[in-house]
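Heads up: the structure comes next, in structure tokens.
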Amino acid sequence: MSLFGRVKHQGRELTSRALERHLRLGVTGLSGSGKTAFITSLVHQLTQGDNSGNLPFFDVVQQQRYLGGQLAGQVLAVPRFPLEQNLQYLQQEPPVWPPSTTGWSQLNLQLRYKAGSGVRAHLQSHSELALEIVDYPGEWLLDLPMLTMNYTQWCEFSWQLFSKAHRAETAQPFKQLLQGADINDGSELYVQQLTDSYKQLLAQFHQTAGAYLNQPGRLLIPGELAGAPMLQLFPLLPEQASQNTALAAKLTQHYNSYCKHVIKPFYQRYFSTLDRQVILVDCLSALNAGHAAVTELQQALQLILQSFHYGPSSLLRRLFKPRISRVLFAASKADHVTPEQHKSLTLLLQQLLQQPLKNSQYQAATTEAMAIAAIRASASGFVQVDGLAQPCLSGTAADQKKLNYFPGEVPATVPPQAVFERHKFTFLPLQPLPWHGTSALPHIRMDHVLQFILGDKLR
Ligand SMILES: Nc1nc2c(ncn2[C@@H]2O[C@H](COP(=O)(O)OP(=O)(O)OP(=O)(O)O)[C@@H](O)[C@H]2O)c(=O)[nH]1
Ligand SMILES: [Mg+2]
């Protein structure tokens with residue numbers, strides 16, 4: 001796009017922002033929490049699934065005022081969210097989930113509706129709302145807390161984390177490697193060798209259930225930064241980090257560059273301008289992985305939530321420093337449990353977030369919590385057991401086996417460690433339901449999601 005084109009585009013965006021005809025939605029969540037599935041479903045519901053039977057709690061659709069959503073053009077240099085490819089994965093036989101995300105991408109939507117009341121309802125044939133959504137690998141989100149630490153603090157933080165029960169054994173070989181390291185060698189080759197070993201450790205952590213906090217995220221998923229010198233980065237042991245040595249100096253330099261040239265621009269570009277936010281949390285996988293996992297999930301959420309600005313926005317703020325005015329806390333993959341467990345799942349999510357939210361200013365925003373499935377992969381029903389109707393699910397396991405089962409109860413509060421020692425939670429992952437692309441994507445509460453996120457803007 002030419003300079004003139006870009007200025008015109010930005011001008012249009014500022015005007016519609018000022019008129020509140022433009023929303024930037026942030027979908028926030030750790031890797032695997034369901035961001036990509038959520039965006040795919042949300043966009044599909046808004047563009048194809050807008051019949052009232054499919055979205056009964058989305059007022060604008062229910063009141064037959066919704067005229068449809070269309071994918072809108074965007075700056076050509078911005079990678080586009082692979083909506084069509086994702087829908088193709090779901091249409092395969094057997095269907096598969098879209099793959100984990102390896103770079104950032106964006107999708108712009110133009111929503112058309114008839115205003116329900118007021119001057120616009122009489123004067124205009126239709127109104128429009130522009131919606132902007134960004135997707136990115138969850139690993140990169142976890143870099144945000146690094147902005148609040150210096151290199152030495154990061155080393156302390158990392159090694160404290162690596163001493164936890166579910167990580168200590170895996171971290172031992174790298175710890176030994178560092179104990180024997182030549183801290184006066186800051187040469188390119190040596191730093192790269194040690195970084196390679198740390199990268200292996202991070203990859204192992206990445207495969208460890210419940211090990212969420214893996215930094216720096218770009219070492220796992222480098223995106224366009226593959227090979228950049230600042231990615232030669234790993235935490236020295238705390239006692240090594242505080243010494244004035246060639247190795248510590250080099251790593252401090254890389255850490256500072258990484259914060260300045262990678263994390264800050266990423267944050268400014270995608271997160272500092274959000275108007276609304278959906279925070280997806282996969283509570284069920286954390287329960288499966290045990291007590292240490294739930295604790296680390298809580299810690300990760302706490303660190304992330306501190307990075308966002310919440311509160312109502314004045315006109316000037318909206319233009320230059322937008323703040324998040326609505327936050328939806330969503331327990332994802334609610335289709336992994338029977339419907340009567342959704343209430344407990346929502347309560348669990350709220351309790352899990354209680355501590356993390358204490359230190360954020362989110363109270364200034366309008367919030368809601370709910371259990372959702374962006375793309376429902378199970379059907380729920382009842383079976384007769386001893387003459388009593390018991391809730392059950394049916395779905396397809398990862399090995400394509402058909403399942404008919406009761407996945408278990410969801411605790412309504414975060415269970416103490418003793419419960420995990422007695423009981424193993426097994427909320428099974430499921431393959432998507434067969435889908436031919438002609439009908440709306442099956443979901444749980446995406447209509448509630450849309451009403452909360454967009455309802456007030458489509459009145
Ligand atoms: N049953 C069910 N599974 C889901 C749903 N959403 C996501 N999943 C599962 O969770 C996995 C991860 O979902 P993604 O949408 O790729 O997660 P993500 O947050 O984009 O992950 P990254 O791209 O790695 O950051 C999927 O491959 C599915 O197995 C859902 O609504 N229902
Ligand atoms: Mg993704």
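Of the residues Arg269, Arg21, the one with the largest accessible area comes first in the ranking Arg269, Arg21, computed with a 1.4 Å probe on protein heavy atoms.
Think of a 1.4 Å ball rolled over the protein heavy atoms: segment 379-422 then has 67 Å² of accessible area per residue.
Take the alpha carbon atoms of segment 396-412, find their center, do the same for segment 131-148, and report the distance between the two centers in whole angstrom. After rounding, the separation between the Cα centres reads 31 Å. Computed over protein heavy atoms with a 1.4 Å probe, the carbon and sulfur contribution to the accessible area of segment 168-218 reaches 46%. Note on segment 60-159: Rg/Rh from Cα positions, Kirkwood definition for Rh, rounded to two decimals, is 1.18. Spin-label model, Ser125 to Gln110: label points 7 Å out along the Cα-to-beta-carbon direction sit 1.4 nm apart.
Accessible surface comparison of His423, His436, His443, His309, probe 1.4 Å, protein chains only, largest first: the order is His436, His423, His309, His443.
When the listed pairs Lys264/Lys424; Lys114/Lys358; Lys333/Lys457 are checked against a 29 Å cut-off, the alpha-carbon distance exceeds it for Lys264/Lys424; Lys114/Lys358. From the P(r) of segment 199-302, can you give the percent of Cα pairs sitting at distances over 22 Å? Percentage above 22 Å: 47. Computed 3J(HN,Hα) for segment 56-71, one whole-Hz value per residue from the Karplus formula 6.51 cos²θ - 1.76 cosθ + 1.60 where θ = phi - 60°, is x, 9, 9, 3, 4, 7, 4, 8, 6, 9, 7, 9, x, x, 10, 5, glycine and proline marked x.
The modelled label-to-label distance between His206 and Glu421, using points 7 Å beyond Cα along the C-beta direction, is 3.5 nm.
Note on Leu189 and Gln172: the extension gain reaches 3.8 nm, defined as 0.36 nm multiplied by sequence separation minus the Cα-Cα distance.
Panel values: segment 379-422, Kirkwood radius from alpha carbon pairs, Stokes-Einstein at 10 °C and 1.306 mPa s, translational diffusion coefficient 124 µm²/s.
Computed on the Cα atoms alone, the convex hull of segment 348-459 gives a volume of 187 cubic angstrom per residue. Each residue of segment 394-402 was assigned a 3J(HN,Hα) from its phi angle through the Karplus curve 6.51 cos²θ - 1.76 cosθ + 1.60 (θ = phi - 60°); the sequence is 10, x, 10, 6, 4, 8, 6, 6, 7 Hz, with glycine and proline shown as x. Solvent exposure of segment 144-267 amounts to 46 Å² per residue of accessible area, where only protein heavy atoms count and the probe is 1.4 Å. Computed from the C-beta positions of Asn51 and Phe406 and an R0 of 45 Å, the FRET efficiency is 0.90 to the nearest 0.05. Comparing segment 144-267 with the 2.2 N^0.38 Å rule of thumb, its C-alpha radius of gyration ratio is 0.98 (two decimals). At an R0 of 51 angstrom, the distance between the Cβ atoms of Glu224 and Gln390 translates into a FRET efficiency of 0.50.
All other residues with a Cβ under 9 Å from the Cβ of Leu161 taken together, and with Lys, Arg as +1 and Asp, Glu as -1, what is their net charge? Residues near Leu161 contribute +1 overall.
According to the square roots a ≥ b ≥ c of the eigenvalues of the Cα gyration tensor, what is the shape class of the chain, taking rounded for a/c under 1.5, prolate for a/b larger than b/c otherwise, and oblate for the remainder? Verdict is oblate for the chain. Helical runs (DSSP H, four residues minimum) scored at -39500 (n - 2.57) apiece and divided by the length of the chain put the mean residue ellipticity at 222 nm at -11500 deg cm²/dmol. Modelled spin-label separation between Val96 and Gln363, with each label point placed 7 Å from Cα along the Cα-to-Cβ direction: 4.8 nm. Note on Tyr190: accessible area is roughly 40 Å² with a 1.4 Å probe, heavy atoms of protein only.
The values are calculated or read from the model by the stated rules, or taken from the named source; none is laboratory data. Remember, predicted model here, so these are calculated numbers, not experimental data. Neighbour counts are summed over all protein chains in view; Cβ atoms, including those assigned to glycine, are modelled from backbone coordinates with ideal geometry. Surface areas here come from the heavy atoms of the whole protein model, side chains and all, with no ligands, DNA or RNA. Shrake-Rupley method; radii C 1.70, N 1.55, O 1.52, S 1.80 Å.
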